[in-house]
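S.K.: Dumping the structure here so I can ask a few things about it.
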Amino acid sequence: MVFRSAVDWWYYAILAAVACALLVSLGPALVNRQTSVLAAVGLLIAALGLPVWLLLATHYTVDSETLVVRSGPFTWRVPVDEIETVKPTRSPLSSP
């Protein structure tokens, strides 16, 4: 079974804030031609790439023996028999 990760509103808010902050800070440099558009787009992609990848590619796969957690470029494998408790949480500290 595959389960997608739930995403709270604050994650989207942080992504939007980072994008806006980058655009605002790069705006004057682009207008004054101190920075190339290519460099600005590269910085934007680098700053937002990992968070967006995590947003789109976080899921949990459970089979009879293993829980596999995939979150962007990261993967954890947990044997099911080592899981002691499962409980719902809204804490970002307990997420991948």
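The values are calculated or read from the model by the stated rules, or taken from the named source; none is laboratory data. Because the structure is predicted, anything quoted here is derived from the model rather than measured. Cβ sites come from the backbone with ideal geometry, for glycine too, and all protein chains shown count toward neighbours. What goes into the accessible areas is simple: the full protein's heavy atoms, side chains included, and nothing from ligands, DNA or RNA. Shrake-Rupley method; radii C 1.70, N 1.55, O 1.52, S 1.80 Å.
S.K.: Using 0.36 nm per residue of separation minus the Cα-Cα distance, give me the extension gain between Ser95 and Asp81 in nm, one decimal.
M.R.: 3.0 nm
S.K.: Helix 37-56 versus the longest principal axis of the chain: what angle, 0 to 90°, nearest 10, using Cα atoms?
M.R.: So the helix axis and the longest Cα principal axis differ by about 20 degrees.
S.K.: In units of 2.2 N^0.38 Å, what is the alpha-carbon radius of gyration of segment 50-96?
M.R.: 1.22
S.K.: Work out the charge dipole of the chain with +1 on the Cβ of Lys and Arg and -1 on the Cβ of Asp and Glu about the Cα centre, then indicate which of Ala17, Met1, Thr89 is farthest towards its positive end.
M.R.: Ala17
S.K.: For the chain, what does the relative contact order come out to in percent, with C-alpha contacts under 8 Å and a separation of six or more?
M.R.: 24
S.K.: Shifting gears a bit: Using a 1.4 Å probe and ignoring any ligands, DNA or RNA, find the accessible area of Arg4 and quote it in Å² to the nearest 10.
M.R.: It works out to around 150 Å².
S.K.: Another one. Rolling a 1.4 angstrom probe over the protein heavy atoms, how many square angstrom per residue are accessible across the chain?
M.R.: Value for the chain: 77 Å² per residue.
S.K.: Please turn the phi angles of segment 9-21 into ³J(HN,Hα) values with the Karplus equation 6.51 cos²θ - 1.76 cosθ + 1.60 (θ = phi - 60°), one per residue in order, whole Hz, x for glycine and proline.
M.R.: Using θ = phi - 60°, the values come out as 4, 5, 5, 5, 4, 5, 4, 5, 5, 5, 4, 5, 4 Hz.
S.K.: With only Lys, Arg, Asp and Glu charged, each at its Cβ (+1 for the first two, -1 for the last two), find how big the charge dipole of the chain is about the Cα centre; round to the nearest 20 debye.
M.R.: The calculated dipole for the chain is roughly 480 debye.
S.K.: Can you match log10 I(q)/I(0) by the Debye sum over Cα atoms at q = 0.10, 0.22 Å⁻¹ to one of these, (i) -0.25, -1.25; (ii) -0.41, -1.13; (iii) -0.36, -1.15, based on a calculation from the structure here?
M.R.: (ii)
S.K.: Write out the GluC sites (Glu not before Pro) in the chain meeting two conditions: DSSP loop, and at most 16 other Cβ atoms within 10 Å of their Cβ.
M.R.: Glu65, Glu84
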